[in-house]
Amino acid sequence: MDTLDPVKFRAITRWGDLDKVLAGIEAARAAGLAVKINAVALKNLNEDEIPALMEWAHAREMALTLIEVMPMGDIGAGRIDQYVPLSLLRARLAQQYTLTDLDDDTGGPARYVRVSETGGKLGFITPMTHNFCESCNRVRINLYRDAAHLPRP
């Protein structure tokens, strides 16, 4: 969930309905599931919203993990132009918040900090600035809304 702005959300996802996503998150939380929010940091699109998104997630006792744009094949022109290094975002956040490194290891590529002011966890996944592919244990699946969006062989 890269933004809390419904218009930007629809543009980023190309079809998504933010209200449905938020309702799904609340339903999962109400069912007792632990929810973690992932957000791709996008240059000149949502990077200024990261503090608000983090505070929103932490206020609901959810961790937020920021992800750099990943080179994932043909996913649209200009994708790499949206790359913003998370080291830059972390430095910006550190001007406003107290970030303490954590030793948490989920088996994945995220590195975590505790944000003193919110009490929440913030993760950083950096495939561009710190290539972790050789040790990543995650599988990426793209979901398509209908057959018109399926890739051609």
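The values are calculated or read from the model by the stated rules, or taken from the named source; none is laboratory data. Note that this is a predicted model, so its numbers are computed, not measured. Cβ coordinates were reconstructed from backbone atoms using ideal geometry, including for glycine residues, and neighbour counts include every protein chain displayed. What goes into the accessible areas is simple: the full protein's heavy atoms, side chains included, and nothing from ligands, DNA or RNA. Shrake-Rupley method; radii C 1.70, N 1.55, O 1.52, S 1.80 Å.
Things to note:
- Scanning the range 1-22 for residues being in a helix (DSSP H, G or I), closer than 24 Å to Arg90 by Cβ and open to solvent by 50 Å² or more (accessible area, probe 1.4 Å) gives a total of 1.
- Residue match in the range 23-40 (condition: touching a strand residue (DSSP E or B) at 6+ places or on another chain (Cβ under 6 Å) and more than 18 Å from Val115 (Cα to Cα)): yes
- Residue match in the range 109-120 (condition: in contact with a Cys (Cβ under 7 Å, 6 or more places away or on another chain) and not charged (D, E, K, R)): yes
- Condition check for Arg138: under 18 Å from Glu68 (Cβ atoms) and either open to solvent by 90 Å² or more (accessible area, probe 1.4 Å) or modelled with pLDDT of 80 or more (or both): yes
- Within the range 9-43, being touching a residue at least 40 places away in the same chain (Cβ under 8 Å) and over 18 Å from Met62 (Cβ atoms) holds for Trp15, Leu42, Lys43.
- Within the range 80-132, the set of residues being in a loop (DSSP other than H, G, I, E, B), open to solvent by less than 80 Å² (accessible area, probe 1.4 Å) and at pLDDT 95 or above comprises Tyr97, Thr98, Leu102, Ser116, Thr118, Gly119, Gly120.
- Figure legend. Inter-residue proximity from the range 99-113: first residues more than 17 Å from Leu86 (Cα to Cα), second residues modelled with pLDDT of 95 or more and surrounded by 13 or more Cβ atoms within 10 Å (Cβ to Cβ), beta-carbon distance below 8 Å, spacing 6+ or different chains. Indicated pairs: Asp104/Tyr112; Asp104/Lys121.
- Scanning the range 1-43 for residues that are over 15 Å from the mean Cα position of the chain (by Cα) and more than 23 Å from Lys121 (Cβ to Cβ) yields Pro6, Val7, Arg10, Ala11, Arg14, Trp15, Gly16, Asp17, Asp19, Lys20, Ala23.
- Residues located in the range 23-50, provided they are within 21 Å of Ile67 (Cα to Cα), open to solvent by 50 Å² or more (accessible area, probe 1.4 Å) and in a helix (DSSP H, G or I): Asp48
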